[in-house]
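A short write-up of the structure that comes next.
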Amino acid sequence: MKKILFLLGVFTFLSALSINPAEAAVLHPIKQQEQTESVEKAERRLSKKELRQERRAQRKSFRKSLREQLRQARKSGKVDDVELILLVLLALIIAPLAMFIYDGYASDRFWLTLVLWLAGLLLVGLLGFLGSLAVLASVIYTLYVILSESL
């Protein structure tokens, strides 16, 4: 059982690293050819440092607009209760995965939950009670974030 939980934690961690925030949702779909042409032109004109700064600004504005859309959807009551129930159930089983799905990318809250959860799983075998407290803290934190922002 411990090996399965450990493998689930590793899988969660690796899957979180492999997903790009820009691939999580598309706000304004653009034709693939037009997008690659504009990117190539921009890369020719800018230096590496400028490209890096521009990409950071694009990611930041994308995340900001995505968060704003999520806030508006939550305020308008369009968040489905079934989704909330499934997130709560997932948070009880695998807290970091629920946080990742809720945020849509590997946020600071996700990393905190993942560290608590993995530390708890590792400490359960060594110290027993302290490990279960770390896992419990991870679950409680995830539930707090999901429920406080959704209700």
Somewhere in the range 73-87, is a residue over 28 Å from K60 (Cβ atoms), of a type in the set (V, I, T) and out of contact with any strand residue (DSSP E or B) (no Cβ under 7 Å at 6 or more places or on another chain)?
yes
Tally of residues being surrounded by fewer than 19 Cβ atoms within 10 Å (Cβ to Cβ) and touching a Leu at 6+ places or on another chain (Cβ under 9 Å) across the range 137-148:
4
Restricting attention to the range 44-86, which residues are at pLDDT below 85 and among the small types (G, A, S)?
S47, S65, A73, S76, G77
Would you check which residues across the range 95-135 are surrounded by 21 or more Cβ atoms within 10 Å (Cβ to Cβ) and either touching an Asp or Glu at 6+ places or on another chain (Cβ under 7 Å) or touching a residue at least 40 places away in the same chain (Cβ under 8 Å) (or both) and list them?
A95, P96, L97, A98, M99, F100, Y102, F110, L114, W117
Among the residues of the range 45-69, count how many are under 19 Å from the mean Cα position of the chain (by Cα) and hydroxyl-bearing (S, T, Y).
2
Out of (1) surrounded by fewer than 12 Cβ atoms within 10 Å (Cβ to Cβ); (2) over 30 Å from V124 (Cα atoms); (3) modelled with pLDDT of 65 or more, the one L89 does not meet is (2)
Subset of the range 90-136, residues among the hydroxyl-bearing types (S, T, Y) and closer than 18 Å to L66 by Cβ, comes to Y102, Y105, S107
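The values are calculated or read from the model by the stated rules, or taken from the named source; none is laboratory data. What you see is a predicted model, and the numbers here were worked out from it, not measured in a lab. As a convention, Cβ positions derive from the backbone with ideal geometry for all residues, glycine included, and neighbour counts pool all protein chains shown.
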